[in-house]
1. Take the chain, mark every one of the GluC sites (Glu not before Pro) that falls in a DSSP loop and has at most 12 other Cβ within 10 Å, then report the longest stretch left between them, sites excluded.
2. Once you wrap a convex hull around the alpha carbon atoms of segment 116-156, what is its projected area averaged over all directions, in nm²?
3. Counting only other residues whose beta carbon sits under 14 Å from that of Thr90, what net charge do I get with K and R as +1, D and E as -1?
4. In deg cm²/dmol, rounded to 500, what helix-only [θ] at 222 nm does the chain give when every DSSP H run of at least 4 residues adds -39500 (n - 2.57) and the total is split over its residues?
5. Starting from the Cα of Glu97, step 7 Å toward the Cβ, then list every residue of segment 106-123 with an amide N under 17 Å from that point.
6. Between Ser156 and His106, what is the FRET efficiency for a Förster distance of 25 Å, r being their Cβ-Cβ separation, to the nearest 0.05?
7. Between Asp94, Asp123, Asp26, where does the largest GNM mean-square fluctuation fall for the chain, given springs only between Cα atoms within less than 10 Å?
8. Share of antiparallel DSSP beta bridges in the chain, in percent to the nearest 5?
Amino acid sequence: MLRDLPVAVAERMTELEALDAADRLDGTPRTERLRQVPRAPGGPAVEIGTSAGYSTMWLALACRESHRRLTSYELLPAKVALARETVRRTGIDDVVELVEGDFCDHASRWSGVGFCFLDAEKDVYDSCYDRIVDRMTPGGIFVADNAISHATELGSFVDRVLADERVDAIVVPIGTGELVARRL
């Protein structure tokens, strides 16, 4: 996949990344800077809200491909049991660690997070975001599910993230709506 980039493509990407970094350092106005999607940052992946492990399977496949680990947090014991069965039956235990408990109680363990997916009870989105955003590596990606389908409950959260100067953020209107933020 991305490891198998043609040499000319990889070299040009490196050149453009250096040009973009120089533009950012010399104060080039935002409107004139390059707009490019950077390579995925390194660092572990975190999932907040495992449920039965459906999204965990997708995330695990991406983690396996990018040689990283996924730690997934779930509060409810019945859901943890279902997720453990999902992980066991699908053979993704080589990249997945399931934690029964509240992510917020474990957040201090994290630094350099490259990816975070949040799909939990909507009343914890603010507290989870507050605890993860400063623990993300520059370029790290934060995704919160249900940004459109739960606009009533998440509207102020979404507005807050979109205005947060620590991230570039956008709501992507696919599925139930994904709030995607990239750590600056």
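1. Values: sites that count: Glu121, Glu165.
No qualifying site falls inside 1-120, the longest such stretch.
2. Across all orientations, segment 116-156 yields a mean hull projection of 2.9 nm².
3. Here the charged neighbours net out to +1.
4. On the way: 6 runs with 70 residues, N = 184.
It comes out at -11500 deg cm²/dmol, rounded to the nearest 500.
5. The answer is 106-117.
6. Here the calculated transfer efficiency is 0.50.
7. Asp26
8. Here the share of antiparallel DSSP bridges comes out near 40 percent.
None of the figures in this text is laboratory data; all of them are computed from the coordinates on show. Quick caveat: nothing in here was measured; it's all calculated off a predicted structure. FYI the Cβ positions are ideal-geometry reconstructions off the backbone, even for glycines, and counts take in every protein chain you see.
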